[in-house]
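**Q** Before we start, here is the structure in question, set down as structure tokens.
Derivation of every value follows stated rules applied to the coordinates shown; laboratory data play no part. What you see is a predicted model, and the numbers here were worked out from it, not measured in a lab. Quick reminder, even Gly has a Cβ in these numbers, built from the backbone with ideal geometry, and neighbours come from all protein chains shown.
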Amino acid sequence: MTPIATPTDAELPKLKLDWAPLLVLPALALAALPLIGSAPTWVTLTIAGLAMGMMIFIMASGLTLVFGLMDVLNFGHGAFVTVGAFTATLVLLPMQGWMQADSVLMNLTALSLAVALAMGVTGLLGWAFERVIIMPVYGQHLKQILITMGGMIVAEQMIHVVWGPDQIPLPLPASFRGAIIFGDAAIEKYRLIAVAVGLIVFVAMFLVLNRTKVGLLIRAGVENGEMVEALGYRIRRLFVGVFIAGSALAGLGGVLWGLYKEMLTAAMGSEIMVLVFIVIIIGGLGSVGGCFIGALLVALVANYAGFLVPKIALASNILLMVAILLWRPQGLYPVAKR
Amino acid sequence: MSEALLTLTGVHTHIGQYHILQGVDLTVRRGELTVLLGRNGAGKTTTLRTIMGLWKASRGGLVFDGQDITRASTPDIATAGIAYVPENMGIFSDLTVRENLLLAARAGEPDAQRLEWIFGFFPALKKFWNQAAGTLSGGQKQMLAIARAIVEPRKLLLVDEPTKGLAPAIIQSLITAFRELKGMETTILLVEQNFGFVRSLGDSVAVMDDGRIVHKGRMAELAEDRDLQQSLLGLSLDAHQ
Amino acid sequence: MLHRLLSGDFPRSLWLSGALALLVLVLALAPFLFTGARAMNVAATICVFIVLVASYDLLLGYTGIVSFAHTMFYGIGAYGVGLALYSIGPTWGAMALGLGIALLLSLALALVIGLFSLRVKAIFYAMITLAVASAFAILASQLSDFTGGEDGRTFSVPEMLRPGFRLIEAEVFGTAINGKLITYYLLFFGALAIFLFLLRVVNSPFGRVLQAIRENDFRAEALGYRTVVYRTLANCLAAATATLAGALMALWLRYAGPQTTLSFTIMMDILLIVVIGGMGTLYGAMIGSALFILAQNYLQALMKQASDALTAVPVLANLLHPDRWLLWLGVFFVLSVYFFPTGIVGKLRALKR
Ligand SMILES: Nc1ncnc2c1ncn2[C@@H]1O[C@H](COP(=O)(O)OP(=O)(O)O)[C@@H](O)[C@H]1O
Ligand SMILES: [Mg+2]
């Protein structure tokens, strides 16, 4: 049997990697340099922006995947951020001695314990949230938005009930405090650490999504969940897994964010959610890569604008979103849908 | 005639408030290629989706290989042995050709020998093995969609209008593929509007209109009987040939 | 006559009709029934909230759009009137100018946001309005030279609306006919007119298209309706109405500030009232607003007493602390969405059958 040549065989499809959104990032950073004027300030702001961006990415990634996979938008995602941060205090405050000890090892031990507990609790909470709050309203967007918003309010208020109405200070561990002087620029150590953690999470997520079968299924499910089911896989299980992982990541993001601000408030989750929403819209709903770039863009703009025109810092992010949606109405990396 | 592999009895399907399938009776026999014909909007796609459990039958029953699948979930129906090539092909465009086939192989890696067999009639898939599926041409995507359904042997293959919008040369390679599959005694339910494409392939044939089966018989009879073709399928069929 | 006023959309339940009639009657006679400032505040707030919530229901209940920017438009109305009166002086001209600018700004914003996001997905709209509204609230408190920041602006209203003004010297049924009373009736009749107008809108052919879109936008589009256009129009209409409500509130309070207009708590209140009252029934906005504002004013005091009585039981006292009002609202809200989706109006109408 001789195979019949198809006419299109001749032309090899080009490998399509969409570079343009990647270039926006350095373009933005370079454009800010002359406006800011001083190179050391620029370096400081850029590192701060990258650190903040990584933390936002960690919080936003789960949300965007959950949306892509099941068309579920969890307006209560911010609650996991807050709960993560507050749960960490259960370890960090009693272990203040270890945190403030002059030993990297003791600092890290206390911190790892806190992160593990925070991620465990938020993961579990995510599981419960999915069962109780989200499952009954699958496919009903309107109710979904209302219910998850309500869930967020309740969670935020419960933080007040359990931890009281006051802000909780959360000092950085001793070895993470201070800055590294780099020429004229001072770079806070913690920001570098946040960048490193963010990169690790991103690379890990990238590897899981690209190199494992579960990852492939998630990516396939984001594009066409029905087809994944028709191939014989239970998408609900995938979804619950992603939901739990996303909640745990939001918890991790909350711990990092709390340490960055060195102060916890019950509203921290809902405040950051505004940026998170902008990020996942900019990135393209459902796209992890877009979420990563979007988070860095939003954070850089927030830091540059915060320095240049502090009064309109948040409004500048709305402008960024408008600009990007004018360029690409579905976000930087639109997810192909059915 | 061989025994029935899939039987639909009096199947009704509602999409939202619309009553689409209005009592479909259909039998697919083991080892045969059954062709489902009918004009646009007759309910062919809805029938396949109901078999796959993507719509739920509101009345009637579906039995596959002795098992009642009327209320079964889509993944259960798939694991029971039905593979589905939807009308829009359902390719994962972000994934490579290899990754698309990897997901279709539930056992793990696709079997190398079977892959070689598939490459025999769909050589483009081998050539673009590591390309993102979204970069393939329409015909190549259709090949991938079919390859995905046959990368492991399944009891029944549902294929929805594979020739839609394809150039004649590509349709030729699809015919080759279906001949190969028939040679391996694969049971196939093939939805088509292109009568020219299926007249030589089909064993039995059913014609749908307005959510019902309006004719059942052997393809050989229908292929011979121009009057019957005329009355069932209208003049438009000639335009396809 | 009544048929024309209500655009043929009757409450369709004896209980509901009774409750509504009672509510309108009490609100109409409020200045003569109550004497305390607290009670008058409650009555005025109910009037304003009926407009605010009914206009939100036009979006949520009739068009199926979730917006988190309704308080933004409300705030624009309040600030528009407030800042104009503050900076130009207490004249009717300034008030009209402020209201005009506020309406234009609201319409422009609603149009832009609508065209941007309604085309994509309803869920997009919810996110974008949330982001824009938060940015707006922060902007309003940051631009303190202009807006008065967190403190807001207290301003004077035109002579005729001031408490010191007397329309006639004599008292009527023991109530002075002063500027405050005139302001109240401005609110009352303003609210009544706007409500009847909204009733007309939802019962017009335009309103029916909106409901068709809510039921199945895919099909409405197939029938030839440009859903984006209809949704955007509904959005603009709701925004303009909310702006008017904000202006009325500012006139009553003679104050415009972030806490009374832009805060997210008010957004939650609106959502809650719409859901509890009954989505897609403007009458739900009336019943819901009345019940909610009453509860907010009198139940919170009850919570405080309970909390004080329970200081010995730490967690319970925390739970009942008046600051945890929002917790109970939230719980109630989630439960209503699940178990009570047709709201009070739906329940009352079902009672009949
Ligand atoms: N999602 C849907 N919502 C409403 N009606 C639908 C939907 N999908 C299909 N239909 C209707 O069902 C009927 C049958 O469609 P389909 O099964 O796709 O026909 P065919 O595949 O034979 O062309 C058509 O009238 C179509 O308009
Ligand atoms: Mg079809």
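**Q** What does the charge count around C:MET249 come to, taking other residues whose C-beta lies under 15 Å from its C-beta (Lys +1, Arg +1, Asp -1, Glu -1)? Don't jump to the answer; show the numbers that get you there.
**A** Working: positive: C:ARG153, C:LYS180, C:ARG254; negative: C:ASP269.
My count for the surroundings of C:MET249 gives +2.
**Q** Just B:GLN17, B:GLN230, B:GLN172 to compare: in a GNM of chain B, with alpha carbon springs under 10 Å, which one fluctuates most?
**A** B:GLN17
**Q** Roughly what angle does helix A:313-327 make with the longest principal axis of chain A, taking Cα atoms, 0 to 90 degrees, to the nearest 10?
**A** 10
**Q** Filter the DSSP H helices in chain C by two things, a Kyte-Doolittle mean of at least 0.0 and an axial alpha-carbon span of 18 angstrom or more, and list the hits by number.
**A** On the way: long enough: C:14-33 (27 Å, 2.44); C:37-57 (29 Å, 1.50); C:70-88 (27 Å, 0.99); C:92-117 (37 Å, 2.19); C:122-142 (30 Å, 1.82); C:179-202 (34 Å, 1.93); C:227-253 (39 Å, 1.36); C:264-277 (19 Å, 2.57); C:282-309 (40 Å, 0.68); C:325-339 (21 Å, 2.13).
Going by DSSP H runs, the hits are C:14-33, C:37-57, C:70-88, C:92-117, C:122-142, C:179-202, C:227-253, C:264-277, C:282-309, C:325-339.
**Q** Note the angle between two axes, namely the Cα long axis of helix B:138-150 and the longest principal axis of the Cα atoms of chain B, as a number of degrees from 0 to 90, rounded to the nearest 10.
**A** That works out to roughly 80 degrees.
**Q** Turning to a different aspect of this structure: Which number do you get for Rg(Cα) / (2.2 N^0.38 Å) in the range B:93-152? List each step's numbers first, then the result.
**A** Numbers: Rg = 10.1 Å, N = 60, 2.2 N^0.38 = 10.4 Å.
Dividing the Cα radius of gyration by 2.2 N^0.38 Å gives 0.97.
**Q** Additional query: For B:VAL214, list long-range residues whose amide hydrogen, built 1.01 Å from N in the peptide plane, is under 5 Å from its own amide hydrogen.
**A** Those lying under 5 Å, H to H, from B:VAL214 are B:VAL207, B:MET208, B:ASP209.
**Q** Show the residues, 5+ positions off or on another chain, whose built amide H is closer than 5 Å to the amide H of B:GLY60.
**A** The list, which skips near neighbours in sequence, is B:HIS12.
**Q** For every helix of n ≥ 4 consecutive DSSP H residues, a contribution of -39,500 (n - 2.57) applies; sum these over chain A, divide by its total residues, and give [θ] at 222 nm rounded to the nearest 500 deg cm²/dmol.
**A** Numbers: 13 runs with 238 residues, N = 338.
That calculation yields -24000 deg cm²/dmol at 222 nm.
**Q** After finding the eigenvalues of the alpha carbon gyration tensor for the range A:75-159, what semi-axes result from the square roots of 5 times each, listed largest first in whole Å? It would help to have the intermediate numbers written out before the result.
**A** Working: eigenvalues 228, 26, 13 Å².
That gives 34, 11, 8 Å for the three semi-axes.
**Q** Taking H as built 1.01 Å from N, whose amide H comes closer than 5 Å to the amide H of B:ALA132, not counting residues under 5 places away?
**A** Excluding prolines and chain starts, which carry no amide H, the hits are A:LYS16.
**Q** Please list 3J(HN,Hα) in residue order for the range B:9-19, calculated via the Karplus relation 6.51 cos²θ - 1.76 cosθ + 1.60 where θ = phi - 60°; whole Hz, with x for glycine and proline.
**A** 3J(HN,Hα) across the range B:9-19, in whole Hz: 10, x, 7, 10, 10, 10, 10, x, 8, 8, 8.
**Q** Here's another thing I want to ask about it. What angle, in degrees between 0 and 90 and rounded to the nearest 10, separates the Cα long axis of helix A:268-283 from the longest principal axis of the Cα atoms of chain A?
**A** 30
**Q** Related question: By its C-alpha gyration tensor, with a ≥ b ≥ c as the square roots of the eigenvalues, how is chain A shaped: rounded for a/c under 1.5, else prolate for a/b larger than b/c, else oblate?
**A** Numbers: a/c = 1.74, a/b = 1.25, b/c = 1.39.
Note, shape of chain A comes out oblate.
**Q** Could the peptides C:265-277, A:301-313 be put in order, highest first, of the mean number of other beta-carbon atoms found within 10 Å of their residues? Don't skip to the answer; put the middle values down first.
**A** Working: C:265-277: 23.5, A:301-313: 18.2.
Going from most to least packed, we get C:265-277, A:301-313.
**Q** Give the order of C:CYS236, C:CYS47 when sorted by the count of other beta carbons within 10 angstrom, beginning with the fewest.
**A** Details: C:CYS236 19, C:CYS47 30.
In order of increasing Cβ crowding within 10 Å: C:CYS236, C:CYS47.
**Q** Taking the Cβ of B:SER73 as the centre, find all other residues whose Cβ is under 11 Å away and add up their charges (Lys, Arg: +1; Asp, Glu: -1). Before the final figure, lay out the partial values.
**A** Values: positive: A:ARG234, A:ARG236, B:LYS56, B:ARG71; negative: A:GLU229, B:ASP76.
Its environment carries a net charge of +2.
**Q** Take the alpha carbon atoms of the range A:253-332, find their center, do the same for the range C:45-101, and report the distance between the two centers in whole angstrom.
**A** Going from one Cα centre to the other spans 29 Å.
**Q** Among residues other than A:MET268 whose Cβ falls under 14 Å from its Cβ, what is the net charge (Lys/Arg +1, Asp/Glu -1)? Write down the numbers at each step before the final one.
**A** Numbers: positive: A:LYS261; negative: A:GLU156, A:ASP166, A:GLU262, A:GLU271.
That sum, taken over residues with Cβ under 14 Å, equals -3.
**Q** Here's a follow-up. Between B:ILE150, B:ILE171, B:ILE51, where does the largest GNM mean-square fluctuation fall for chain B, given springs only between Cα atoms within less than 10 Å?
**A** B:ILE171
**Q** Turning to a different aspect of this structure: With N set to the residue count of chain B, report its C-alpha Rg divided by 2.2 N^0.38 Å to two decimal places. Each step should come with its number before you reach the end.
**A** Values: Rg = 17.4 Å, N = 241, 2.2 N^0.38 = 17.7 Å.
So the Cα radius of gyration is 0.98 times the expected 2.2 N^0.38 Å.
**Q** Oh, and also: Using only the alpha-carbon atoms, what does the range B:101-237 span along each of its principal axes? Please give whole angstrom values in decreasing order.
**A** 49, 29, 26
**Q** Return the calculated 222 nm mean residue ellipticity for chain C, to the nearest 500 deg cm²/dmol, obtained by summing -39500 (n - 2.57) across DSSP H runs with n ≥ 4 and dividing by the residue count. Before the final figure, lay out the partial values.
**A** Numbers: 17 runs with 261 residues, N = 353.
Helix contribution divided over all residues of chain C: -24500 deg cm²/dmol.
**Q** Report the Stokes-Einstein translational diffusion coefficient (µm² s⁻¹, integer) for chain C, Rh taken as the Kirkwood radius over Cα pairs, at 37 °C with viscosity 0.692 mPa s.
**A** Stokes-Einstein gives a translational diffusion coefficient of 155 µm²/s.
**Q** Kindly identify the range C:116-248 as rounded, prolate or oblate by the Cα gyration tensor criterion: order the square roots of the eigenvalues as a ≥ b ≥ c, call it rounded if a/c is under 1.5, otherwise compare a/b with b/c, prolate if a/b is larger, else oblate.
**A** Details: a/c = 4.81, a/b = 1.62, b/c = 2.97.
It is oblate, given that a/c is not under 1.5 and a/b is not larger than b/c.
**Q** Rg to Rh ratio, the protein assembly as shown, alpha-carbon atoms and Kirkwood radius? If you can, show how the numbers build up before the last one.
**A** On the way: Rg = 32.0 Å, Rh = 31.2 Å.
Using only Cα positions, Rg/Rh for the protein assembly as shown is 1.03.
**Q** Still on this model: As a footprinting exposure proxy, order B:HIS215, C:HIS70, C:HIS3 by other Cβ within 10 Å, with the fewest listed first. Kindly include the intermediate steps, with their values, before the conclusion.
**A** Values: B:HIS215 16, C:HIS70 26, C:HIS3 9.
Least crowded to most crowded, the residues run C:HIS3, B:HIS215, C:HIS70.
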